[in-house]
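Enquirer: I have a structure I would like to understand better, so I am pasting it below and will then ask my questions one at a time.
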Amino acid sequence: IANGRITPAGVEALEPYRAKRAIFIAAGFGWSDDDQVKLWLFLFLIAGVNLSFCLMAGQNRRNSGGVTSLLDAPRALFMLGFGKMGKTGRGLARAAKNTGTAGKKGGALLLGLVIAAPVVAIMVFLLMRADAAFEGLMDHLPDADFSEVFPTLWLGIPCAVILCTRGIALAKEDKPAPVGIGYRRGWDKLTVNTILSAVCLVYAVYLFSQLAYFSGGFSGILPEEYTMAEYARRGFFEMAQLCAINLGVIWLACGVVRKNPKTPLATRLLCLFIGIITIFLVATASAKMFMYIEGYGLTRLRVLTEVIMIYLGLVTALVCVWLFAPKLPYMKIAMILALVIGTAVLWVDVDTLVASYNVSAYQSGALDTVDVYYLSSLSDGAIPYLHQLTTDANSQVAAAAKEMLTTGYSPRELDFRSWNRSAAEGWKILQQYLQQ
């Protein structure tokens with residue numbers, strides 16, 4: 001690293017570490033059976049990978065550490081993917097002409113295979129419908145669901161072309177002119193500070209009037225006329241909405257205020273007050289959620305809620321630091337945090353964690369009851385813990401757990417695409433109940 005920038009030699013040295021991180025994240029998809037977390041992590045990966053490619057190729061149009069840098073991700077995927085397909089096709093054709101005899105033959109062979117695949121599939125399908133002997137011969141081959149194969153090919157091949165196009169466009173496209181809010185004149189600081197002062201005044205009055213209510217989250221004292229569930233839920237939704245609004249207010253204020261050349265100190269101090277209030281709200285709501293978990297156990301919603309609380313608190317803290325250290329690439333750090341936390345959640349496997357905690361807390365006496373029917377609604381990671389409850393001292397709990405394992409699951413086959421450790425271990429246990 002020279003003068004704060006990574007040299008080409010530094011990039012080459014970092015490649016193995018980038019590859020290891022990517023392998024570790026991808027391996028989590030084969031560990032957990034949590035499709036919801038996989039979907040969100042996949043979306044974060046798409047954004048993160050495209051932002052990374054943009055930066056490596058020097059194609060980012062916006063400050064790489066700011067929130068507006070997220071707009072470079074769809075630009076890399078769509079504008080430099082779909083928009084450059086014609087140019088990439090011509091470039092690949094020219095490259096094939098210059099690769100010699102071996103390259104031309106390889107390209108011709110690949111083109112023939114691509115064209116032949118759907119033709120052969122249609123012919124086999126028609127022959128199977130026309131001749132029973134041929135159908136019997138094909139039945140001896142490994143099962144293949146062509147209703148999945150064809151859509152996969154039709155979707156996968158265009159996506160592969162788009163990704164290839166994006167890579168070539170990122171490498172060959174002229175460097176874009178930078179754009180951003182900082183190039184505009186902006187609002188007068190008096191206008192922005194007046195808005196921020198009004199917001200801060202509302203928060204000051206609100207915190208004063210609700211001090212006992214909020215402190216209850218830390219002390220575990222439940223306000224009158226509130227159940228524990230109502231208390232914890234209300235705290236979370238207040239936190240989520242206020243945190244989103246507060247971050248938006250800070251970003252907009254710092255983006256639209258007139259800079260000369262920095263954001264005015266008064267504006268930053270007012271934004272810092274809003275950020276500190278946001279962190280306080282996050283901490284209070286998190287304390288309420290822990291109180292709720294202690295009384296009622298874990299659910300998927302409670303675990304994921306707590307994860308979101310932690311992430312929002314960390315991002316808010318980053319923004320508070322960025323107010324006085326404008327060179328801090330807070331958006332890069334926020335994206336990395338999202339990937340790290342998402343990968344941790346995937347490897348922990350939320351459903352396994354929920355089932356393990358509830359069963360252990362119930363059997364140790366920390367929880368009075370355990371919801372067997374809720375455990376059976378979780379993914380296959382909960383099956384080993386339902387199996388553990390079949391020998392519980394409470395005969396009703398043991399009977400309910402055995403009933404769920406016997407009738408609550410339908411047989412399914414795990415092929416190489418859907419296989420994961422959590423499901424494989426669960427179904428190994430479940431076979432003995434499904435055979436009864």
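Enquirer: Taking 7 Å along the Cα-to-C-beta vector as the label spot, tell me the LEU70-LEU353 distance in nanometres, rounded to one decimal.
Expert: A separation of 2.3 nm, rounded to one decimal place.
Enquirer: Sticking with the crude label model, points 7 Å out along Cα→Cβ, report the distance from ALA325 to PHE78 in nm, one decimal please.
Expert: Computed distance between label sites ALA325 and PHE78 equals 3.5 nm.
Enquirer: Got a sec? What order do ILE25, ILE245, ILE274 fall in by accessible area at 1.4 Å, biggest, i.e. largest, first? If you can, show how the numbers build up before the last one.
Expert: On the way: ILE25 20, ILE245 100, ILE274 0 Å².
Output order, biggest surface exposure first: ILE245, ILE25, ILE274.
Enquirer: Which whole-Hz couplings ³J(HN,Hα) result when phi for each residue of the range 389-395 is put into the Karplus expression 6.51 cos²θ - 1.76 cosθ + 1.60, θ = phi - 60°, listed in order with x for Gly and Pro?
Expert: Taking θ as phi minus 60°, the curve returns 6, 5, 10, 5, 5, 7, 5 Hz for the range 389-395.
Enquirer: To continue, here is another question. Check VAL257: other-chain or 5+ apart residues with amide H under 5 Å from its amide H, H built from backbone geometry?
Expert: Hits under the 5 Å cutoff: TRP187.
Enquirer: Can you give the Kirkwood hydrodynamic radius for the range 300-436, in Å, rounded to one decimal and based on Cα pairs? Before the final figure, lay out each step's value.
Expert: On the way: mean 1/r = 0.0576 Å⁻¹.
Result for the range 300-436, one decimal place: 17.4 Å.
Enquirer: Tally Lys/Arg at +1 and Asp/Glu at -1 over every other residue whose Cβ is under 15 Å from the Cβ of TYR362; what's the total?
Expert: Values: positive: none; negative: GLU294, ASP368, ASP371, ASP392.
Counting the neighbours of TYR362, the net charge comes to -4.
Enquirer: For a quick protection proxy, order the peptides 291-303, 389-401 by their average other-Cβ count within 10 Å, most packed first.
Expert: Values: 291-303: 18.1, 389-401: 15.6.
Ranked by mean Cβ neighbours within 10 Å, highest first: 291-303, 389-401.
Enquirer: If you don't mind, there's one more thing I want to ask. Any idea which of TYR374, LEU353, THR284 is furthest toward the positive side of the dipole for the range 283-436, if Lys and Arg beta-carbons carry +1 and Asp and Glu beta-carbons -1?
Expert: In the range 283-436, that residue is THR284.
Enquirer: What is the distance, in nm, between label points placed 7 Å from the Cα along the Cα-to-Cβ direction at ILE157 and at GLN432?
Expert: Spacing of the two 7 Å Cα→Cβ label points: 4.9 nm.
Enquirer: Further, regarding this structure: Report the gain in length on full extension from ALA393 to TRP419: 0.36 nm times residue separation, minus Cα-Cα distance, nm rounded to one decimal. Show your work: numbers first, answer last.
Expert: Values: separation 26, 0.36 × 26 = 9.36 nm, distance 3.41 nm.
Gain in length upon complete extension: 6.0 nm.
Enquirer: Here is a further query. Looking at this model, which pairs from LYS402/LYS428; LYS38/LYS402; LYS288/LYS327; LYS38/LYS327 are more than 27 angstrom apart at the alpha-carbon? List each step's numbers first, then the result.
Expert: On the way: LYS402/LYS428 15 Å; LYS38/LYS402 29 Å; LYS288/LYS327 35 Å; LYS38/LYS327 33 Å.
Distance filter (> 27 Å) returns LYS38/LYS402; LYS288/LYS327; LYS38/LYS327.
Enquirer: Same structure, new question: Relative to the Cα centre, what is the charge dipole magnitude of the range 291-436, using +1 at the beta carbon of each Lys and Arg, -1 at the beta carbon of each Asp and Glu, and rounding to the nearest 20 debye?
Expert: Result for the range 291-436 is approximately 560 debye, rounded to the nearest 20.
Enquirer: Additional query: Compute the projected area of the convex hull of the Cα atoms of the range 256-300, averaged over all viewing directions, and report it in nm² to one decimal place. Please report the intermediate quantities before stating the final value.
Expert: On the way: hull surface 18.7 nm².
Average projection, Cα convex hull of the range 256-300: 4.7 nm².
The values are calculated or read from the model by the stated rules, or taken from the named source; none is laboratory data. Computed from a predicted model, the values in this text were never measured in an experiment. Counting neighbours? That spans all protein chains shown, and the Cβs are built from the backbone with ideal geometry, glycine included. Only protein heavy atoms, including side chains, enter the accessible area calculation; ligands, DNA and RNA are left aside. Shrake-Rupley method; radii C 1.70, N 1.55, O 1.52, S 1.80 Å.
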